[in-house]
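Visitor: One structure coming up, written as structure tokens, with questions to follow.
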Amino acid sequence: MFASKASLLLQTGPRPSFVLQRVPTLAHNPTCAWTGLKRRLTSSSSGSTSSPLPDLPPSFPLLPSSSLAAAVSVSTPSFLGRATRELARWRRHFGNSARRTYTSYHRGGGRPPFRLPEGNAIVYGLIGANILVFGAWTYASQSRRLTRFMVEHFTVSAVGVLEQGRFHTLFTAMFSHQSFTHLLVNCVTLYFFGAEAAVLLGARRFVNLYFAGGLASSLGCVLWPFVAPKLHIPASYRVSKHTVALGASGAVNALVAWSIFMFPTRMVYLYLVLPVPAALLGVLFLAKDLSGLYQGGSGEANAGHLGGAVVGAAYYFVTRGRY
């Protein structure tokens, strides 16, 4: 059994290397085996500054062959072998990328480059973030204290932003949803329109457009209570600066508006059933939000929807349809 074991011996020279040598069996004559092993180690490490192996003491314990194998051949050599293989694998896997990052960091004088996931991966990430926050809302509904925390930090309102200084809610509110249906509609729309936009725009521009639409949506909800009374529209009395808004609709509408301007004649299935041209779909949703904004009482953040759509349209005209 022990005759088939192998140990790793470090050789000296210009570059240290590992060689395999067989260790003689110790099952029957440990003294002879130790002498042979000592002779091989001494001859292999010729020119080394390490001290030679001592002679086997008379009181050397006679261990079973399996235990002695573990003590001499398995513990140190196997550990060194595994450590060497792991180190080589690590160097192959991370060496080139680490050198490139180090070089770009020191030559460019800035931070190492950060790459966003491409294609559908970034869309799945945003969908996952929305689902995660919705799960937090579901868990918080069991406690009044947690519900208050979510309302204060994951919904946006004019009072919260302008008077209480919770500016972070301009971003966190775009990941909150009122109900599962609200979440489902936004995630399905984000999947179908966002997957294509992520491929055409690239991850960075896609994320910029998404968050710009969400930010414009939140700002629209914050500013509309102050703008509506000046316009003397019927919805003025329905608008309050204490009203909170939430949802990813504005961010998703930015992607939808950009896609509609890019491909206005493409057929889109309304509610996954009715096929309509993309341009007609845009007109219908624009009319719905304008009507809700004028009449009020729709229960939707129409100002936020329009804010996101304006960002998508503006991005199309600024880039002149290039991607």
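The values are calculated or read from the model by the stated rules, or taken from the named source; none is laboratory data. Predicted, not measured: the structure shown is a model, and the values here were computed from it. Every residue, glycine among them, receives a Cβ derived from its backbone with ideal geometry; neighbour counts consider all protein chains shown. Note: accessible area is taken over every heavy atom of the protein model, side chains too, but ligands, DNA and RNA are not part of it. Shrake-Rupley method; radii C 1.70, N 1.55, O 1.52, S 1.80 Å.
Visitor: Keeping all protein chains in place and using 1.4 angstrom, which order do LYS230, LYS241 fall into by accessible surface area, from largest down?
Guide: On the way: LYS230 155, LYS241 80 Å².
So, going from the largest accessible area down, we get LYS230, LYS241.
Visitor: Using only protein heavy atoms and a 1.4 Å probe, report how much of TYR294 is accessible, in Å² to the nearest 10.
Guide: Approximately 110 Å² for this residue.
Visitor: How big is the accessible area of MET174 in square angstrom, nearest 10, if you roll a 1.4 angstrom probe over the protein chains?
Guide: It works out to around 0 Å².
Visitor: Also, I was wondering about something else. Can you run phi through the Karplus equation (6.51, -1.76, 1.60; θ = phi - 60°) for segment 284-290 and list ³J(HN,Hα) in whole Hz, with x for Gly and Pro?
Guide: Once θ is set to phi - 60°, the couplings for segment 284-290 become 5, 6, 5, 5, 5, 6, 5 Hz.
Visitor: Same structure again: Expressed as a whole percentage, what fraction of the accessible surface of segment 123-196 belongs to carbon and sulfur atoms when a 1.4 Å probe is rolled over the protein heavy atoms?
Guide: After summing per-atom areas, the C and S share lands at 67 percent.
Visitor: Given points 7 Å out from each Cα along the Cα-Cβ axis, report the ALA279 to ALA121 separation in nanometres with one decimal.
Guide: 3.8
Visitor: State the Cα centre-to-centre distance between segment 130-197 and segment 281-323 in whole Å.
Guide: 20
Visitor: Now for a separate question. Which peptide among 149-160, 299-310 comes first, and what is the full order, when sorted by highest mean count of other Cβ atoms within 10 Å?
Guide: Values: 149-160: 19.3, 299-310: 23.4.
Ranking the peptides 149-160, 299-310 by packing returns 299-310, 149-160.
Visitor: Out of residues 5 or more away from VAL268 or on other chains, whose amide H comes under 5 Å of its own, with H placed 1.01 Å from N in the peptide plane?
Guide: It is VAL276, ALA278, by chain and number.
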